[in-house]
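The values are calculated or read from the model by the stated rules, or taken from the named source; none is laboratory data. This one's a predicted model, so the numbers in the text were calculated from it and none came from an experiment. With ideal geometry, Cβ positions are generated from the backbone for all residues, glycine too; neighbour counts draw on all protein chains shown. Accessible surface is based on the protein model in full, side chains and every heavy atom, while ligands, DNA and RNA are left aside. Shrake-Rupley method; radii C 1.70, N 1.55, O 1.52, S 1.80 Å.
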Amino acid sequence: MIRNYLRSAFRNIKRHPFISFTNIFGITVGLTCCLLILTYVINEKSYDRYDKNADNIYRVTRIFYSAPNVESLHLSSIAPAFGPGLKLAFSDMEEMTRTLPGGTISFKYKEKLFNEQHAFFADENFFDFFTVPVLKGDGRKALTEPYTAMLTPDIAKKYFGDEDPINKQIILDGNKHAFTVKGIYNPFPFNSHMHPNILVSFSTLNDSTIYGAKQLATSYGNNAFYTYLMFPKGYTTERIEARFPDFLDKYCVALGAPPKLKVHNMTKLTAQKLTDIHLTSHLDDEIEENGNATRVYIFSAIALFILLIACINYMNLSTARSALRAREIGIRKVIGAQRKEIIAQFLSESVIVTYVSLLIAIGLTALLLPAVNRMSGLQLSISSLFTWYFLIPVILLPCIVGLISGIYPALFMSSFIPVKVLKGLFKVQTSTFSFRKILVVLQFSISIILIVATAVVFRQLQYIQDKDLGFDKDHVLTLVGAGALGNQFDAFKTDLLSNPNIKSISRSSRIPSGRLLDDQNAAVLEGGTFQPLKVDLKQVAVDDGFIPTFGITMAAGRNFSHNIKTDSNKFIINETTVKTLGWGTPEKAINKQIKYGNVTGNVIGVMKDFHFESLHQPIIPIILISQPYGTVSIKISGQNVQESVSQIRNTLMHYAPNIPFDFTFLDQHFDKLYRSEQQQGTLFTIFACIAIFIACLGLFGLSAFTITQRVKEIGVRKVLGASVSQIVTELSKDFLLLVLIAATVAIPVAIYAMNQWLSTFASRTDLSWWILAGAGVIALLIAFATISIQSIKAAIANPVKSLRSE
């Protein structure tokens, strides 16, 4: 029986090659999209699961409150003293480890100089805690002593070439500290939330010139340490967090907080599961940029929509060609075939078509993945589909898709009455056409939504590029690691400014494009006393070159001046701070007194608002303090850029020969902020084109069949004098009406979806009416072009032949 089904299925595929090709091609494209997106979803869901203890590891995060239950800051790192305290407080904890990213660190070996941005200080039990294979050395002992280091193979090759790196020394920060290499470890997998290339011993931080033992043991305010806890299996987040408030109150008092202070009212610790970090954690100081669960859901939905469009094609074309198989079904029923057998026959055909499509789709996925990886920067692999818990669903997928695609055509065609069919009285009922029209409307509705999404994403990206940020980000070069210039900075600056192509130079704790995280307790003078602020006032430590280097406009007052010594106790704020504090105009804010941290001073200037952070974030209150340190930023002219860069390189080598010349331009930082949106826009474009293409493929096949059924009508119309344009219009209007209905259905859905997406930006473009109208017009034009191919061919045919054939 099954063999007969299969034989009959292959015969029908061969008998109707055009419709069979259309079905196979459409479902192949849909399955290819599904498999590509499935590899992406598998990759995103797999983060940190390489670790054998992944389900039992938690990262401790810290929340700060500006007022009761008003969260102002949520950090993924905590103070250094909390780690050992938690280990003592939680007797059922199995392990605790800490790591501290070193930022940009300069290392030297012989004459080689390198800036490393992924060097971490790590506790001695780091390799016991995380499942990272050690290739050389003893991972349990390598980081026990101060000034020891572990390297990845790539870093070892970069520094030592073919030399054996074990027990050789690399020099940190000029000639200040020598670290002995004790081992080589495999790099962290791509699907890890952190990727340290160099691990140096945590005990090195006891050195007061680096951090200091007292700070490590007592500091509960320097929140830069990523702290991980390992609990027994089955230990839940709720059980951990329930004990945190009591721990905070007792331990902070032991470290020096006032005895009666309820610390948990001002700050809170939370436990974050290791495997949840990548997709759900978007805190203010993540080690690396994480993924996005919403994006995973969106792309998964798109894959299913595209596959649904392909299934709809199959349904439409199968029911449309029902008249071609009516006599076959009638004969089968006369000779004794039951309805369930006919249903099984048609379902077997759809399943076979889908399995053929799956085999082709797997091949296409393998071919396309390298291009997808280049575009996205990911490391997706088709091998992820072949693990047993994904391979089984992939193998079963054609059965599901085949059943969905074939069930309606099977039920419909198995209902034919043999007598009517064999007498030639069979006629497809109007309800069939109605259902088919619903499917066409659904196809084009999905396509139009994707067109709108593509247009909105790219318009928002264009808005970001054209948006006046309130400062000048062009031709600003930032030197990585140049903060180590120290006392040499003034001479370095003087020499550079002698070049007319160098406009200005500054040092600052942060540069625009970074997150504003630093703040201290602030109070303003009101009624003769300082009143604490209930809002956060984020600080940036700068010198007098910061404002001119970034082209920031002053709304009132003046900039800092290195010639005025008292400016170290002065402040500059932005317009949002003025509004937040209720000071009226910028002019009225001048000379207002502020107590910020341990400094009491007055406001000497107000900056016009500018977007320090990405446009996802609103402009917030900012205060500039005159404490120049950190990143060096240099404004150069747009002329002779290469000459200016060479001048900077030579000058830096003269004053700091132990600092590698490593720079980026500020606009590159801003481009990086919106990289995920750019990738999202590209993918939306691809998926929208695929969806439209599959929908048009089905429409092409459906219109071809419909026109074939109307050959005699077309011949009669031509004989009676109908023009080609009139016939094309008559044949196209029903299909175009369906696309118009699809636009009516899709546009409200698209408006809602894209308003939700745009709401993630504090500064956003409008969802213009012409985008919505344009999407509908594009769909109509594409549909008309598709239908016209068949319509014009039929309209220009010789009517004599069509009437004679009838």
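I'd like to check something: does the range 67-74 contain any residue that is in a loop (DSSP other than H, G, I, E, B) and under 23 Å from THR267 (Cα atoms)? Yes, the range 67-74 contains at least one residue that is in a loop (DSSP other than H, G, I, E, B) and under 23 Å from THR267 (Cα atoms). Looking at (1) under 40 Å from the mean Cα position of the chain (by Cα); (2) open to solvent by 30 Å² or more (accessible area, probe 1.4 Å), can you tell me which one VAL578 breaks? It fails just one condition, (2). With respect to the conditions (1) on the phi < 0 side of the Ramachandran plot; (2) over 33 Å from the mean Cα position of the chain (by Cα), GLY721 falls short on a single one, namely (1). Which residues, counting only those in the range 126-165, are surrounded by 16 or more Cβ atoms within 10 Å (Cβ to Cβ), in a loop (DSSP other than H, G, I, E, B) and not hydroxyl-bearing (Ser, Thr, Tyr)? Within the range 126-165, PHE130, VAL132, GLY137, GLY139, ALA142, LEU143, PRO146, PRO165 qualify. Restricting attention to the range 478-491, does a residue exist that is within 32 Å of the chain's Cα centre (by Cα), crowded, with 17+ Cβ neighbours inside 10 Å and modelled with pLDDT of 85 or more? Yes, that holds for at least one residue. For the structure I just gave you, tell me whether ILE449 is open to solvent by 40 Å² or more (accessible area, probe 1.4 Å), outside any strand (DSSP E or B) and modelled with pLDDT of 65 or more. When the stated conditions are applied, ILE449 passes them. Being in contact with a helix residue (DSSP H, G or I) (Cβ under 7 Å, 6 or more places away or on another chain), under 30 Å from ARG717 (Cβ atoms), in a helix (DSSP H, G or I) and modelled with pLDDT of 90 or more is a property that does not hold for ILE747.
Filtering the range 166-184 to residues that are over 22 Å from PHE661 (Cβ atoms) and assigned to a loop (DSSP other than H, G, I, E, B) leaves ILE166, ASN167, LYS168.
Of the residues making up the range 555-575, those that are crowded, with 17+ Cβ neighbours inside 10 Å and part of a helix (DSSP H, G or I) are ASP567, GLU575. Of the residues making up the range 584-598, not a single one is under 36 Å from the mean Cα position of the chain (by Cα) and either assigned to a helix (DSSP H, G or I) or closer than 30 Å to SER676 by Cβ (or both). Looking for something on the phi > 0 side of the Ramachandran plot, open to solvent by less than 50 Å² (accessible area, probe 1.4 Å) and either touching a Lys or Arg at 6+ places or on another chain (Cβ under 7 Å) or in contact (Cβ under 8 Å) with a residue 12 or more places away in the chain (or both) - is there at least one such residue anywhere in the range 692-704? No, because not a single residue in the range 692-704 is on the phi > 0 side of the Ramachandran plot, open to solvent by less than 50 Å² (accessible area, probe 1.4 Å) and either touching a Lys or Arg at 6+ places or on another chain (Cβ under 7 Å) or in contact (Cβ under 8 Å) with a residue 12 or more places away in the chain (or both).
Only residues that are open to solvent by less than 10 Å² (accessible area, probe 1.4 Å) and modelled with pLDDT under 90: list them for the range 457-477, please. If the condition is that a residue be open to solvent by less than 10 Å² (accessible area, probe 1.4 Å) and modelled with pLDDT under 90, then VAL457, GLN460 are the ones that fit.
Yes/no matrix, rows are residues, columns are (1) open to solvent by less than 60 Å² (accessible area, probe 1.4 Å); (2) closer than 14 Å to ILE789 by Cα:
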residue	(1), (2)
THR706	yes, yes
ILE714	yes, no
VAL719	no, no
SER723	yes, no
LEU731	yes, yes
PHE735	yes, yes
LEU740	no, no
ALA743	yes, no
ILE747	yes, no
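For the range 182-213, the candidate set comprises residues that are among the aliphatic types (A, V, I, L, M) and touching a residue at least 40 places away in the same chain (Cβ under 8 Å); within that set, the residue that is surrounded by the fewest Cβ atoms within 10 Å (Cβ to Cβ) is MET194. When we screen ILE552, ILE547 for residues that are assigned to a loop (DSSP other than H, G, I, E, B), β-branched (Val, Ile, Thr) and under 20 Å from PHE670 (Cα atoms), the only hit is ILE552.
Taken together, the residues in the range 64-96 that are aliphatic (A, V, I, L, M) and open to solvent by 20 Å² or more (accessible area, probe 1.4 Å) amount to 5.
Search the range 730-743 for residues that are over 16 Å from ILE446 (Cβ atoms) and touching a residue at least 24 places away in the same chain (Cβ under 8 Å) and pair each with any residue that is open to solvent by 70 Å² or more (accessible area, probe 1.4 Å) and not in a helix (DSSP H, G or I) when their beta-carbon atoms are under 7 Å apart and the residues are at least 6 apart or on different chains. Nothing qualifies. Here THR236 meets the list (1) open to solvent by less than 40 Å² (accessible area, probe 1.4 Å); (2) under 29 Å from the mean Cα position of the chain (by Cα) almost entirely, failing just condition (1).
If you go through the range 516-555 and pick out every residue that is over 28 Å from SER72 (Cα atoms) and either in contact with a strand residue (DSSP E or B) (Cβ under 7 Å, 6 or more places away or on another chain) or hydrophobic (A, V, I, L, M, F, W, C) (or both), you end up with 3. Taken as a whole, the range 271-287 holds at least one residue that is open to solvent by 40 Å² or more (accessible area, probe 1.4 Å), free of Cβ contacts under 8 Å to residues at least 12 places away in the same chain and under 27 Å from the mean Cα position of the chain (by Cα).
Listed here are the residues, each with its yes/no results for (1) under 25 Å from the mean Cα position of the chain (by Cα); (2) closer than 30 Å to CYS311 by Cβ.
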residue: GLY601; (1), (2): no, no
residue: SER633; (1), (2): no, no
residue: SER637; (1), (2): no, no
residue: ILE659; (1), (2): no, no
residue: GLN668; (1), (2): yes, no
residue: GLN679; (1), (2): yes, yes
residue: THR685; (1), (2): yes, yes
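When ILE78 is tested against (1) under 30 Å from LEU359 (Cβ atoms); (2) touching a residue at least 12 places away in the same chain (Cβ under 8 Å); (3) out of contact with any helix residue (DSSP H, G or I) (no Cβ under 6 Å at 6 or more places or on another chain), just one condition goes unmet, and that condition is (1). Scoring ASN755 on the criteria (1) open to solvent by less than 60 Å² (accessible area, probe 1.4 Å); (2) in contact (Cβ under 8 Å) with a residue 40 or more places away in the chain leaves a single failure, condition (2). Residue pairs whose Cβ atoms lie under 7 Å apart, separated by 6 or more positions or on different chains, with the first residue in the range 465-477 and over 21 Å from VAL641 (Cβ atoms) and the second modelled with pLDDT under 90 and of a type in the set (Gly, Ala, Ser), are LYS467/SER763. When residues in the range 329-358 are screened for being crowded, with 17+ Cβ neighbours inside 10 Å, at pLDDT below 70 and not hydrophobic (A, V, I, L, M, F, W, C), 3 of them pass.
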